[in-house]
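Here, each number is a calculation from the coordinates, and none is a lab measurement. It should be emphasised that the depicted structure is a prediction, and the values quoted were computed from it without experimental measurement. Glycine gets a Cβ as well: all are built from the backbone with ideal geometry, and neighbour counts include every protein chain shown.
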Amino acid sequence: MEEKKDLNLASLKVDQLSYVFKDVQKQAKIMEAIFKTPRFRFIDVIDGIIRYRGNKTKISIKLGAVRYLNTQIELIQWLEGDCAYKEFLEKGREGLHHIGFLVEDYQAYLDYFKEKEIGLLQYGRDITRWAYLDTEKSFGIIIELIEVNKLVYNYFFNK
């Protein structure tokens, strides 16, 4: 029988603050002017296949990112497809959507939260594997687990 890995949740560090806005270009200008963030880098359209609430779906988003105060700030603009971003906006919300943690043993963390009866809200794979845990009711915000792929992550987010 395989021994379960003891995960040290207290050692996790918030690496990413992700915001959802209807207009990320406008929001980036506000953050750059008021909070003096470095200039955001944008990808105008990202198309992807994800799993949202258990269903496979195609989404399109616009994404902006910058490293600020040793944290990645990510701005997401929903363009199309059923997903957590659309759901967030349909509730009349804009702003902080989820916090992200880099994890070395991605599957072990997924298994841990599954044991705690915390399901997956949305997950997928782009430059790395990632999963949004359905933690808004239990933790007050969505938690994202981001599989560590330091080479790719540093290239995109630490410039």
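Tilt of helix 24-34 relative to the longest C-alpha principal axis of the chain, in degrees (0 to 90, nearest 10)?
80 degrees
Could you tell me which of the pairs 36/114; 29/86; 13/137; 22/137; 29/114 are separated by over 28 angstrom between their Cα atoms in the structure shown?
Long pairs (Cα-Cα over 28 Å): 36/114; 29/114.
Over region 10-157, what is the percentage of antiparallel beta bridges among all DSSP beta bridges, to the nearest 5?
Taking every DSSP beta bridge with both residues in region 10-157, the antiparallel ones total about 75 percent.
Could you size up the charge dipole of region 10-157 around its Cα centre, putting +1 on the beta carbon of Lys and Arg and -1 on that of Asp and Glu, and report it in debye to the nearest 20?
380 debye
So, counting K/R as plus one and D/E as minus one, what does the shell of residues with Cβ under 11 Å around residue 57 add up to?
So the environment of residue 57 carries a net charge of +3.
Under 5 Å between amide hydrogens, which residues at least 5 positions from residue 142 or on another chain qualify, with H placed 1.01 Å from N in the peptide plane?
Amide H neighbours of residue 142: 99.
Can you run phi through the Karplus equation (6.51, -1.76, 1.60; θ = phi - 60°) for region 85-96 and list ³J(HN,Hα) in whole Hz, with x for Gly and Pro?
Listing the rounded values in order: 5, 4, 4, 4, 5, 5, 7, x, 9, 9, x, 4 Hz.
In square nanometres, what is the average projected area of the Cα convex hull of region 10-157?
8.8 nm²
Of the options 66, 139, 124, report the single residue whose Cα projects farthest towards the positive end of the charge dipole of region 10-157 (beta-carbon charges: Lys, Arg +1; Asp, Glu -1).
Of the candidates, 66 comes out farthest on the positive side.
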